[in-house]
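A.B. asks: My questions all concern the structure below.
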Amino acid sequence: MIRLVPGVGRVRIGELATATGTTARALRHYEQAGLISSERAANGYRVYDETAVVRVRNIRYLLAAGLTLEDVQVFLPCLDGDVAAAPPSGKGLRVALDRLAVLNERIAAQTEARDRLAAALRERTGGRVRPVA
């Protein structure tokens, strides 16, 4: 049972994972990166403040957009709000533009590698083998 009723206060790691569509392993990784924090219950289990649900959803939104955990660090001040609707800060915009440049470089490198391999296949097979584009 997920206890996300305002005022309840704390959720266990499994409840947070279920509520945010992630895994306990990912949550521990976010915690190690300093993006979320937990306390230990008397039984040693991690417990999170119920506000961690919004924070984790925002982290996942930023990761899905192509940012890395290191990139997400820049957004720490706004992870507890609506990251998708908030206007980007200058620093956040720079991080996103830098990540986009890195992704574009990787795509270009992969495209070049694909084209070289396709050309080699055509050359070696006399055009009999047509690579899938």
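A.B. asks: Looking at D71, is it in contact (Cβ under 8 Å) with a residue 12 or more places away in the chain, under 16 Å from E31 (Cα atoms), outside any helix (DSSP H, G or I) and among the acidic types (D, E)? Show your work before the answer.
C.D. replies: On the way: in contact (Cβ under 8 Å) with a residue 12 or more places away in the chain: yes; under 16 Å from E31 (Cα atoms): yes; outside any helix (DSSP H, G or I): no; among the acidic types (D, E): yes.
Here the answer is no, as D71 does not meet what is asked.
A.B. asks: Is it fair to say A101 is touching a helix residue (DSSP H, G or I) at 6+ places or on another chain (Cβ under 8 Å), surrounded by fewer than 12 Cβ atoms within 10 Å (Cβ to Cβ) and either among the acidic types (D, E) or free of Cβ contacts under 8 Å to residues at least 60 places away in the same chain (or both)? Give the derivation first.
C.D. replies: Numbers: touching a helix residue (DSSP H, G or I) at 6+ places or on another chain (Cβ under 8 Å): no; surrounded by fewer than 12 Cβ atoms within 10 Å (Cβ to Cβ): yes; either among the acidic types (D, E) or free of Cβ contacts under 8 Å to residues at least 60 places away in the same chain (or both): yes.
Against the criterion (touching a helix residue (DSSP H, G or I) at 6+ places or on another chain (Cβ under 8 Å), surrounded by fewer than 12 Cβ atoms within 10 Å (Cβ to Cβ) and either among the acidic types (D, E) or free of Cβ contacts under 8 Å to residues at least 60 places away in the same chain (or both)), A101 does not qualify.
A.B. asks: Same structure again: With the requirement that a residue be within 17 Å of L63 (Cβ to Cβ), β-branched (V, I, T) and part of a helix (DSSP H, G or I), what does segment 75-121 give you?
C.D. replies: V95, V102
A.B. asks: Against the condition touching a strand residue (DSSP E or B) at 6+ places or on another chain (Cβ under 7 Å) and not in a loop (DSSP other than H, G, I, E, B), how does Y61 come out, does it pass?
C.D. replies: Details: touching a strand residue (DSSP E or B) at 6+ places or on another chain (Cβ under 7 Å): no; not in a loop (DSSP other than H, G, I, E, B): yes.
For Y61, the condition - touching a strand residue (DSSP E or B) at 6+ places or on another chain (Cβ under 7 Å) and not in a loop (DSSP other than H, G, I, E, B) - is not met.
A.B. asks: Of everything in segment 20-46, what is at pLDDT 95 or above and of a type in the set (A, V, I, L, M)? Give them in sequence order.
C.D. replies: A24, A26, L27, A33, L35, I36
A.B. asks: Of a type in the set (A, V, I, L, M, F, W, C), surrounded by fewer than 18 Cβ atoms within 10 Å (Cβ to Cβ) and touching a strand residue (DSSP E or B) at 6+ places or on another chain (Cβ under 9 Å): does that describe A41?
C.D. replies: Details: of a type in the set (A, V, I, L, M, F, W, C): yes; surrounded by fewer than 18 Cβ atoms within 10 Å (Cβ to Cβ): yes; touching a strand residue (DSSP E or B) at 6+ places or on another chain (Cβ under 9 Å): yes.
Criteria met by A41.
A.B. asks: A further question follows. How many of the residues making up segment 28-68 are touching a residue at least 40 places away in the same chain (Cβ under 8 Å) and charged (D, E, K, R)?
C.D. replies: Going through segment 28-68 one residue at a time, the tally reaches 3.
A.B. asks: Then there is this: Hey, among Y61, Y45, which residue is within 26 Å of G14 (Cβ to Cβ) and more than 16 Å from the chain's Cα centre (by Cα)? Before you say what the answer is, go through the steps one by one.
C.D. replies: Details: Y61 fails: more than 16 Å from the chain's Cα centre (by Cα).
Selected residue: Y45, the only one of Y61, Y45 that is within 26 Å of G14 (Cβ to Cβ) and more than 16 Å from the chain's Cα centre (by Cα).
A.B. asks: Another question about this same structure. Just to be sure, is D82 at pLDDT 90 or above and under 30 Å from V53 (Cα atoms)?
C.D. replies: Taking the combined requirement at face value, the residue satisfies it.
The values are calculated or read from the model by the stated rules, or taken from the named source; none is laboratory data. As the structure is a prediction and not an experimental result, all values here were calculated from the model. With ideal geometry, Cβ positions are generated from the backbone for all residues, glycine too; neighbour counts draw on all protein chains shown.
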